[in-house]
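The values are calculated or read from the model by the stated rules, or taken from the named source; none is laboratory data. Remember, predicted model here, so these are calculated numbers, not experimental data. So basically every Cβ, Gly included, is an ideal-geometry build from the backbone, and we count neighbours across all protein chains shown.
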Amino acid sequence: EEHFALYTTVENLSITAGLPMPKVYIIEDPAPNAFATGRDKEHAVVAVTSGLLLILDKPELEGVIAHELSHVGNRDMLLSTVVVVLVGFVSIVADVFRRNLFFGGGRGRDNDRGGNILMIVGIVFSILAPIFAMLIQLAISRKREFLADASGALLTRYPEGLANALRKISQYSKPMTHQSSAIAHLYISDPKGSRLKEAAAFGGVPPKAGKISSLFATHPPVEERITALIGK
């Protein structure tokens, strides 16, 4: 079979991790990437791009697959679903609160001042609450990536494999052909590519802008992930 090595790798690591064999898919895309999804361990899916298979050797591929299986074992798909629902709930509450302020409150003359203050506070809350909720969602996503890296390294007992794979993947700065921000957190690397890092390398992005943008990133910086894996 054409991709026998991939299926064998997934099967062996699934057995080692004590997980059911997930369905395996290959995405025809030159950008090296991979993701895991599914509602539970019994219905998991692991997908890799054709570009990933072209650039990784066996230990590196094992590191990536172990990372994805760790997401399955850690129930990250369930966690991300719960977090998305909570973020959506906060956004809805903020929107309802804002509408009530505009159409239902602060109309009495005797309470004009108090009503105006309440309206200002309400507007600020309705704007900032969804942003803070999203930042928390992204922070959780980054923490789970670190956890999947660590769990994957324990699974293969060779952290250098995943570290080298992350290094190779990060060198490909172009985005995937078909990608969506809604599922970017599922991938081992941001499918939108590394445009900000590429621009920063040429002096196009100030350091402060890079730090601020990291708060809105679905993944931790590759350098930090590699350091956490192998200490350098």
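What do you reckon, is Ala31 buried (at least 19 other Cβ atoms within 10 Å of the Cβ), among the aliphatic types (A, V, I, L, M) and under 27 Å from Val82 (Cα atoms)? Spell out the reasoning first.
Working: buried (at least 19 other Cβ atoms within 10 Å of the Cβ): yes; among the aliphatic types (A, V, I, L, M): yes; under 27 Å from Val82 (Cα atoms): no.
No: the conditions fail for Ala31.
Which of (1) in contact with a Lys or Arg (Cβ under 7 Å, 6 or more places away or on another chain); (2) free of Cβ contacts under 8 Å to residues at least 24 places away in the same chain does Leu166 not meet, given it meets every other one?
Unmet for Leu166, out of (1) in contact with a Lys or Arg (Cβ under 7 Å, 6 or more places away or on another chain); (2) free of Cβ contacts under 8 Å to residues at least 24 places away in the same chain: (2).
Does Ala66 satisfy the condition of being in contact with a helix residue (DSSP H, G or I) (Cβ under 7 Å, 6 or more places away or on another chain) and outside any helix (DSSP H, G or I)?
On the way: in contact with a helix residue (DSSP H, G or I) (Cβ under 7 Å, 6 or more places away or on another chain): yes; outside any helix (DSSP H, G or I): no.
So Ala66 does not fit the description; no.
I'm told Leu86 meets every condition in (1) in the same structural domain as Arg167 (by TED's automatic domain parsing); (2) among the hydrophobic types (A, V, I, L, M, F, W, C); (3) outside any strand (DSSP E or B) except one. Can you identify the failing condition by its number?
(1)
Considering only residues of the stretch 30-78 that are under 17 Å from the mean Cα position of the chain (by Cα) and among the acidic types (Asp, Glu), which is modelled with the lowest pLDDT?
Asp76
Looking only at helices (runs of 4 or more DSSP H) that lie completely in the stretch 152-232, which have at least 2 residues being buried (at least 19 other Cβ atoms within 10 Å of the Cβ), modelled with pLDDT of 85 or more and among the hydrophobic types (A, V, I, L, M, F, W, C)?
159-170, 222-230
So is Leu118 farther than 24 Å from Gly231 by Cα, at pLDDT below 95 and out of contact with any His (no Cβ under 7 Å at 6 or more places or on another chain) or not?
The answer is yes for Leu118.
Could you go through the stretch 5-21 and let me know if any residue there is surrounded by fewer than 19 Cβ atoms within 10 Å (Cβ to Cβ) and part of a strand (DSSP E or B).
There is no residue in the stretch 5-21 that is surrounded by fewer than 19 Cβ atoms within 10 Å (Cβ to Cβ) and part of a strand (DSSP E or B).
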